[in-house]
1. Across the stretch 182-211, what is the number of residues that are more than 17 Å from Asn84 (Cβ to Cβ) and either touching a Ser or Thr at 6+ places or on another chain (Cβ under 9 Å) or open to solvent by 30 Å² or more (accessible area, probe 1.4 Å) (or both)?
2. Restricting the search to the stretch 97-127, which residues are closer than 25 Å to Pro207 by Cβ, free of Cβ contacts under 8 Å to residues at least 60 places away in the same chain and among the charged types (D, E, K, R)?
3. Looking only at residues in the stretch 119-138 that are among the charged types (D, E, K, R) and surrounded by 11 or more Cβ atoms within 10 Å (Cβ to Cβ), which one is nearest to Gly99 (Cα to Cα)?
4. I'm told Ser57 meets every condition in (1) modelled with pLDDT under 95; (2) over 30 Å from Gly158 (Cβ atoms); (3) under 16 Å from the mean Cα position of the chain (by Cα); (4) outside any loop (DSSP other than H, G, I, E, B) except one. Can you identify the failing condition by its number?
5. One residue is enough: does the stretch 64-76 have a residue meeting the conditions open to solvent by 70 Å² or more (accessible area, probe 1.4 Å), within 20 Å of Ala148 (Cβ to Cβ) and not in a strand (DSSP E or B)?
6. Restricting the search to the stretch 82-113, which residues are among the hydrophobic types (A, V, I, L, M, F, W, C), open to solvent by less than 20 Å² (accessible area, probe 1.4 Å) and either farther than 30 Å from Ala153 by Cβ or not in a loop (DSSP other than H, G, I, E, B) (or both)?
7. Among the residues of the stretch 170-225 satisfying the criterion of being among the acidic types (Asp, Glu) and in a helix (DSSP H, G or I), which is farthest from the chain's Cα centre (by Cα)?
8. Quick test of your reading of the structure: Gly79 fulfils all but one of (1) open to solvent by 30 Å² or more (accessible area, probe 1.4 Å); (2) not in a helix (DSSP H, G or I). Name the failing condition by number.
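The values are calculated or read from the model by the stated rules, or taken from the named source; none is laboratory data. No experiment lies behind these values; they were computed from the predicted model shown. Neighbour counts are summed over all protein chains in view; Cβ atoms, including those assigned to glycine, are modelled from backbone coordinates with ideal geometry. Heavy atoms of the whole protein, side chains included, go into the accessibility calculation; ligands, DNA and RNA do not. Shrake-Rupley method; radii C 1.70, N 1.55, O 1.52, S 1.80 Å.
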Amino acid sequence: MSSTQTNNSTLAPATAKGLELRRVSIRLNGRVLVDIDTIIKSGEIVTLMGPSGSGKSSLLAYICGTLPVGGTAGFEVSGQVVLNGRGLDGLAPQDRHVGILFQDDLLFPHLSVGGNLAFALPSSVRGRLERRTRIEDALESAGLGGFADRDPATLSGGQRARVALMRVLLSEPGALLLDEPFSKLDTELRDQIRTFVFEQARLRGLPTLMVTHDPDDGAAAGGRIINPV
């Protein structure tokens, strides 16, 4: 079995705005890692719970378009991913408009905080003033007003996590994926950042899929909790 490459124009219309995983099945060496069929509505946060190695991150990679499919070392995948009525199968990662937040903040050390955020701005945002305004507004909303010229190395763990999230959101994604982004934070900071991330996702009406092995993450999200298979 290989990845289903469906002509986007022939896809059945979405039942509602959101992220649809239509009978998505991921296998590796004949073993089923993920078998899921669900709709994540705008502003809804769904948690995919399972132990390490259960295929959770593979599902996120498939949604993003970065999962190696086929070949001797590739995954076998079937099913469709639809975002706001638009089929994503066969599209390049940059054309999918899906944002993902990882365990590591992945800030560029050679860029300022503002430079990191500017990197994510769509090409449609033109002009130095408009781009600077978008960046300053994002930092203000994250409680980091005036941080644009700071070196990322001078930030605390919580500040870096907030910058990483705002960088994802500035790219104007249609959906948000969370790949255990709170696992490296201490308990107190984890609660703060979780709350901030979930608030921002709901505020922007983003269908959000979080993968984790921590039951506290799922409880904090307050939404559906599903298993990979």
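1. Total meeting the criteria: 18.
2. The one that is closer than 25 Å to Pro207 by Cβ, free of Cβ contacts under 8 Å to residues at least 60 places away in the same chain and among the charged types (D, E, K, R): Asp105.
3. Filtering the stretch 119-138 for residues that are among the charged types (D, E, K, R) and surrounded by 11 or more Cβ atoms within 10 Å (Cβ to Cβ), the one nearest to Gly99 (Cα to Cα) comes out as Arg134.
4. Every condition holds for Ser57 apart from (2).
5. No: the stretch 64-76 contains no residue that is open to solvent by 70 Å² or more (accessible area, probe 1.4 Å), within 20 Å of Ala148 (Cβ to Cβ) and not in a strand (DSSP E or B).
6. Listed by number, the residues that qualify are Val82, Leu83, Leu88, Leu101, Val113.
7. Out of the qualifying residues, it is Glu188.
8. (1)
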